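A.B. asks: Below you'll find the structure I mean.
The values are calculated or read from the model by the stated rules, or taken from the named source; none is laboratory data. Every value quoted in this text rests on a predicted model; they were computed, and no experiment measured them. No Cβ is skipped: glycine too gets one built from the backbone with ideal geometry, and neighbour counts run over all protein chains shown. Ligands, DNA and RNA are stripped out before the accessible areas are found, and what is left, the full protein with its side chains, is counted by its heavy atoms. Shrake-Rupley method; radii C 1.70, N 1.55, O 1.52, S 1.80 Å.
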Amino acid sequence: MKINNKIFTLGALLFCITIEAAPFDSTYIAEPSATSLLKNANIYDGEGNEFIDYDLLIQDGKIKSIGPDLDSDIENVAIYDLSGMWVTPGIIDLHSHMGVYSAPGVKTSSDGNESTSPVTADVWAEHSVWTQDPQFSLALQGGITTFHVLPGSANLIGGRGTTFKNIQSNTIQGMKFPEAPHSLKMACGENPKRVYGSRKQAPSTRMGNIAGYRKAWIKAAKYRENMNSYESKSDEAKEIVSPPTRDLELDTLAGVLNGEILVQNHCYRAEEMAMMIDIAKEFGYKITAFHHAVEAYKIADLLADNNICGAMWADWWGFKHEAYDMVQENIAIIDQARNGTGCAVVHSDDAIGIQHLNQEAAKALAAGNRAGFDISKARAMKWITSNPAKAAGIEDTTGSLVEGKNADVVIWNKNPFSVYAIAQKVFIDGNLMFDRSQPSSKPVSDFDLGIIKPNKSRTQ
Amino acid sequence: MKNLNLLTALLLISPLVINASDLLIENGTIHIGDGSKAFVGDLYIKDGLIKSIGDLNVKAKNTIDAKGKIITPGFIAPMTAIGIVEIGALDVTRDDESDYLNMGFSIFRGFNPNSTLIPWNRSNGLTSVITLPQQTSMPLAGMGSYFILDGNMSISGKQDMVMLGKMGASSGSRSEDLDLLENLITLGKLAKTKNYEKVLESPLAEFFELHLQDIAALDKLANKKLPLIIETNRATDIKHLIDIKNKYDLNLILAGIEDAPLVLDELAKSKIPVIINPMDNIPNSFDELSSSLELASILNKAGITIMFDSARSHNYHLIRQGAGNAVAYGMNYEDAISGLSKNVADVFGIKNRGSLKKGNYADVVIWESDPLEPSSVPTYVFINGKQIDLTTRSSRLKDRYIKKLGKN
């Protein structure tokens, strides 16, 4: 594996040369932020620590320092006394369809599945996103500062996913999380075989699914080889041969083989996840996370050994056969696998659930501890902060309250593992994006404006 | 596995089996379910019934020390598919749809007391439910039944005790749907005096290809106060349905009602009870643009009787989480407990259940902590005074795999 990795790194370098300033790149630049000092708060830092009666200093949009009794003698500082209140990193959802299945959920807003071919690696979810989806603001009020939007699961390979900051912008580029890698959505099991099988088209079986992935990767490997072989030629040699024709679908798959695009794999059943791991090894790519992963607990050690996260619901089940074997301990079991080296993520896949990821984590935590584990709330906080940040490839800039990271911060009125906890203030890059004590701070999308009463916004 | 203590786990999940035919539950924090304030006291169960409640001086064969624990009535979910849908995407496991009947469709004989949804929801605090068919015909679909979740092969409950309807957000015109609803009720009124065969000859009955069962159901609806749940959201629909209720003296319950704050006074005055999902603040259609997390609180302050629905299939017990969120956003706590228990019994005429009243069937749950916290689960569940085994298919799977961890 070591040798292979070196070859891939070399390939990645060569391949990168062909890609110039990419279209649709993020244009987001954080507004200058005020200096804020959060005093006397109880803090889950998203790294597994709990600090009681601590201070947190936000400066220049970053976490400046965290500790007891920080010096408040700073120029132009806004001081918040948070005695008895809780502070966490901004909550991150690794599996959202906001913007691609916008509200109202009418057919003209159903833009999440390009279900016209089982492999559509050429499509990007971000090209479907509606910037005025009223669900973004609702998620912000639930503490969501960052979310990853994926295509749906109708296809074996559904296309690219994109990470967004939960800020208002009239362009997708303006919302995109700077330098966050794309993901590739893949899907196992019932959905692809149902969608295409019902059309008497491949895949109509699980074995057809597996054949479909492997065929796609064989094409991708050849394409990548051709691209790399062309790029490795001398300038003189390049003049006498024409460059390989670019192919959007294979660009994406080659990006995965180069390690630039992270695989987010919708997969429920244990044996299917194990097979997907073998396919990844066969073609030399890595699976970042299995999504939904209702049966992840059956192969928890295998996931931990392969450094693959499980992104899961706390308790959804039964809506289809592959979701029949739900255990509420799933998330805790993944977390505790191989002496606590597992990576558990609580995801939503739902516009209501995304607003209450803290409650979902609370359910999963309680179930795990009832089963005999001894998991702290501070550790469980990672499931909705640093672990999804890691799985989205943005852990260097967000997901926990450590010095130098983006100041994406939520203030809660109560311990966030309680149903009665409500996000009071939400900061993104140090800017106060939502303040519950100021109803006018609720972001109002164009859709929300004047729609029930001409002189009011929808949520007023 | 680090940190895994199986012995502790077993102790936690398997309380001793109690002979509950003569049982005193002592020193629990008791929520009667009728909206009154909780108190610390005792509950005495004898021969399946709540024999007495309060600060008791009773010698019982068995006792449970419930100090620090919460005691509530078994919760009742008013809108479920428990017993008639095992796996959502597998129609061969579903019995919630009729091919030829409309409002006369009964799901009662489809009910499966061996469904895995029963132990699962029961171990999470539901002791009885109303199970409803799919809304496959507009504006009135079939009839739902009430089921005690004892899992017995001899089914107990109440057959065909509610009809389901829907208004708005369809491809046709709601104006026509309201008209149709009135015409169908009028047809039902006719059934009071004419025999059903005669009613079937009406052009409306012929147009919809109604059958005798449909006419019988309309007769119950129009003349015998069969409760009718109509799912609707837009403010104008709520207003028109209030008018129709008054005009025909219907036993109407409204569900959804996300635009209700726009017609709050009219709704409160109508005394119509409502079923809401307090967590659904998504403006998911053009009918529900006023949706918000404050809905439960707004309705509660207006004195409207509230019951709860949840968004997800299978986990109907999550009405508790909805109630918890309703309280977080301003609903009265004890009213939320009533919404999970007594309100459902009262609204649907379920006798001797839904509250911890002397003489009621002993559908009782003892919780380790606040039942409105979704992380809380019951320690004991009693139905008709019988202790329920809290094992579920899910807990069996968990036990099997937790033992295997770290061994490969």
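A.B. asks: Using a probe radius of 1.4 Å on heavy atoms only, what accessible surface per residue do you get for the stretch B:312-408? Whole Å² is fine. Don't skip to the end; give the middle numbers.
C.D. replies: On the way: 3410 Å² over 97 residues.
Ligands and nucleic acids excluded, the figure is 35 Å² per residue.
A.B. asks: OK, next. May I ask you to find the residues of the stretch B:376-401 that are shielded by at least 20 Å² of accessible area once the whole protein assembly is considered instead of their isolated chain (probe 1.4 Å)?
C.D. replies: Listed by number, the residues meeting the 20 Å² cut-off are B:377, B:393, B:394, B:397, B:398, B:401.
A.B. asks: Same structure again: Kindly provide the trypsin sites (Lys or Arg not before Pro) of the stretch B:315-360 that DSSP labels as loop, not H, G, I, E or B, and whose Cβ sees at most 14 other Cβ atoms within 10 Å.
C.D. replies: Sparse-neighbourhood loop trypsin sites (Lys or Arg not before Pro): B:351, B:358.
A.B. asks: Compute the acute angle (0 to 90°) between the alpha-carbon long axis of helix A:357-370 and the principal axis of greatest extent of the alpha-carbon atoms of chain A; round to the nearest 10°.
C.D. replies: Value to nearest ten degrees: 90.
A.B. asks: Expressed as a whole number of Å, what is the distance separating the alpha-carbon centroids of the stretch A:188-246 and the stretch A:21-92?
C.D. replies: Here the answer is 45 Å between Cα centres.
A.B. asks: Enumerate by residue number the GluC sites (Glu not before Pro) in the stretch A:33-105 meeting two conditions: DSSP loop (anything except H, G, I, E, B), and at most 12 other Cβ atoms within 10 Å of the site's Cβ.
C.D. replies: Taking the stretch A:33-105 and a limit of 12 other Cβ atoms within 10 Å, the loop GluC sites (Glu not before Pro) found are A:75.
A.B. asks: With each pseudo-label sitting 7 Å past Cα toward Cβ, what's the residue B:357-residue B:224 distance in nm, one decimal?
C.D. replies: 2.4 nm
A.B. asks: Here's something else I'd like to know. Using only Cα atoms, figure out Rg for the stretch A:105-238 and give it as a multiple of 2.2 N^0.38 Å.
C.D. replies: Normalised by 2.2 N^0.38 Å, the Cα Rg of the stretch A:105-238 equals 1.29.
A.B. asks: Calculate, for the stretch A:91-398, the solvent-accessible area per residue in square angstrom, rolling a 1.4 angstrom probe over the heavy atoms of the protein chains.
C.D. replies: Details: 9690 Å² over 308 residues.
Counting only protein heavy atoms, the per-residue value for the stretch A:91-398 is 31 Å².
A.B. asks: Ballpark to the nearest 100 Å², how much total accessible area do A and B bury together, probe 1.4 Å?
C.D. replies: For chain A against chain B, roughly 4900 Å² becomes buried.
A.B. asks: Ok, one more. For an R0 of 35 angstrom, estimate the FRET efficiency from the Cβ-Cβ distance between residue A:374 and residue A:403 and round to the nearest 0.05.
C.D. replies: 0.75
A.B. asks: May I ask you to derive the FRET efficiency for residue B:346 and residue B:404 from their Cβ-Cβ distance with R0 = 45 Å, giving the value to the nearest 0.05? Before the final figure, lay out each step's value.
C.D. replies: Details: r = 48 Å, r/R0 = 1.07.
Result of the calculation: an efficiency of 0.40.
A.B. asks: Now for a separate question. Helix-only mean residue ellipticity at 222 nm, chain B, DSSP H runs n ≥ 4 weighted -39,500 (n - 2.57), per residue, nearest 500. What is it?
C.D. replies: Values: 13 runs with 119 residues, N = 408.
Result for chain B, helices only: -8500 deg cm²/dmol.
A.B. asks: For A:80, A:223, B:196, write out the residues from largest to smallest accessible area, computed with a 1.4 angstrom probe and no ligands counted.
C.D. replies: B:196, A:80, A:223
A.B. asks: Related question: Ranked from the most accessible area to the least, with a 1.4 Å probe and all protein chains present, what is the order of A:169, B:154?
C.D. replies: B:154, A:169
A.B. asks: Further question on the same structure: If packing is taken as the average count of other Cβ atoms within 10 Å, what order do A:186-195, B:265-274 fall into, highest mean first?
C.D. replies: Values: A:186-195: 23.8, B:265-274: 17.5.
Ranked by mean Cβ neighbours within 10 Å, highest first: A:186-195, B:265-274.
A.B. asks: For residue B:163, list long-range residues whose amide hydrogen, built 1.01 Å from N in the peptide plane, is under 5 Å from its own amide hydrogen.
C.D. replies: Amide H to amide H, under 5 Å and 5 or more residues apart or across chains, residue B:163 pairs with B:144, B:228, B:229.
A.B. asks: Rounded to the nearest 0.05, what FRET efficiency is calculated for residue A:214 and residue B:286 with R0 set to 35 Å and r the Cβ-Cβ distance? Could the numbers behind the result be given before it?
C.D. replies: Details: r = 45 Å, r/R0 = 1.28.
That gives a FRET efficiency of 0.20.
A.B. asks: Ok, one more. Which of these, B:157, B:172, B:339, has the largest mean-square fluctuation under a Gaussian network model of chain B (Cα springs below 10 Å)?
C.D. replies: Looking only at B:157, B:172, B:339, the largest GNM fluctuation is found for B:172.
A.B. asks: Let me ask you something else. If ligands, DNA and RNA are left out, what is the accessible area of residue A:303 with a 1.4 Å probe, given in Å² to the nearest 10?
C.D. replies: Ignoring ligands and nucleic acids, residue A:303 comes out at about 0 Å².
A.B. asks: Ordering A:117, A:400 by how much accessible area each has at a 1.4 Å probe, largest first, what is the list?
C.D. replies: Output order, biggest surface exposure first: A:117, A:400.
A.B. asks: Using only Cα atoms, figure out Rg for the stretch B:338-395 and give it as a multiple of 2.2 N^0.38 Å.
C.D. replies: 1.23
A.B. asks: At 0.890 mPa s and 25 °C, plugging the Kirkwood radius over alpha-carbon pairs of the stretch B:75-353 into Stokes-Einstein gives what diffusion coefficient in µm²/s?
C.D. replies: Working: Rh = 18.9 Å.
Answer from the Stokes-Einstein relation: 130 µm²/s.
A.B. asks: While we're looking at this one, here's another question. Enumerate the amide H contacts of residue A:342 below 5 Å, restricted to partners 5 or more residues apart or on another chain; note that Pro and chain-start residues carry no placed amide H.
C.D. replies: Sorted by chain and number, the residues that satisfy this are A:337.
A.B. asks: Shape verdict for the stretch A:404-454, please, from the Cα gyration tensor: rounded (a/c under 1.5), prolate (a/b greater than b/c) or oblate.
C.D. replies: It is oblate, given that a/c is not under 1.5 and a/b is not larger than b/c.
A.B. asks: Under a plain spin-label model, where a point goes 7 Å from the Cα along Cα-to-Cβ, how far apart in nm are residue A:179 and residue B:197?
C.D. replies: In this crude spin-label approximation the distance works out to 8.4 nm.
A.B. asks: How large is Rg over Rh for chain A, taking Rg from the Cα atoms and Rh as the Kirkwood inverse mean of 1/r across Cα pairs?
C.D. replies: 0.98
A.B. asks: Springs between alpha-carbon pairs under 10 angstrom, Gaussian network model over chain B: which of B:173, B:123, B:115 fluctuates most?
C.D. replies: B:173
A.B. asks: Let me ask you something else. Show the residues, 5+ positions off or on another chain, whose built amide H is closer than 5 Å to the amide H of residue A:79.
C.D. replies: Hits under the 5 Å cutoff: A:37.
A.B. asks: Describe numerically, in nm with one decimal, the distance between label points set 7 Å from Cα along Cα→Cβ at residue B:55 and at residue B:36.
C.D. replies: Going by the 7 Å Cα→Cβ label model, 1.5 nm.
A.B. asks: Related question: Provide the net charge surrounding residue A:344, with neighbours chosen by a C-beta distance below 10 Å and charges set as Lys +1, Arg +1, Asp -1, Glu -1.
C.D. replies: Once positives and negatives cancel, what remains is +1.
A.B. asks: Give me the net charge for the shell around residue B:142: Cβ to Cβ below 14 angstrom, other residues only, Lys and Arg +1, Asp and Glu -1.
C.D. replies: After counting each charged neighbour, the total is -3.
A.B. asks: Rounded, prolate or oblate: which fits the stretch B:34-145 when a ≥ b ≥ c are the square roots of the eigenvalues of the alpha-carbon gyration tensor, with rounded for a/c under 1.5 and prolate only if a/b beats b/c? Please report the intermediate quantities before stating the final value.
C.D. replies: Numbers: a/c = 3.15, a/b = 2.56, b/c = 1.23.
Because a/c hits 1.5 or more and a/b exceeds b/c, the stretch B:34-145 counts as prolate.
A.B. asks: Next question. For the stretch B:145-245, which whole-number percentage of the solvent-accessible area (1.4 Å probe, protein heavy atoms only) is attributable to carbon and sulfur atoms? If you can, show how the numbers build up before the last one.
C.D. replies: Values: 2380 of 4670 Å².
In the stretch B:145-245, the share of accessible area belonging to carbon and sulfur is 51 percent.
A.B. asks: A follow-up question, please. When a/c is below 1.5 the answer is rounded, else prolate if a/b is larger than b/c, else oblate, so apply that to the protein assembly as shown with a ≥ b ≥ c taken from the square roots of the Cα gyration tensor eigenvalues.
C.D. replies: Verdict is prolate for the protein assembly as shown.
A.B. asks: Over the heavy atoms of residue B:212, what accessible area does a 1.4 Å probe trace out, to the nearest 10 Å²?
C.D. replies: 80 Å²
A.B. asks: Summing +1 for each Lys or Arg and -1 for each Asp or Glu, what net charge is found among the other residues whose Cβ lies under 10 Å from the Cβ of residue B:397? Spell out each step's value before the answer.
C.D. replies: Values: positive: A:298, B:393, B:396, B:398, B:400; negative: A:295, A:325, A:329, B:399.
With Lys, Arg at +1 and Asp, Glu at -1, the net is +1.
A.B. asks: Turning to a different aspect of this structure: Considering only protein heavy atoms and a 1.4 Å probe, what is the carbon-and-sulfur percentage of the accessible area of the stretch A:91-398? List each step's numbers first, then the result.
C.D. replies: Working: 4790 of 9690 Å².
Here it works out to 49 percent.
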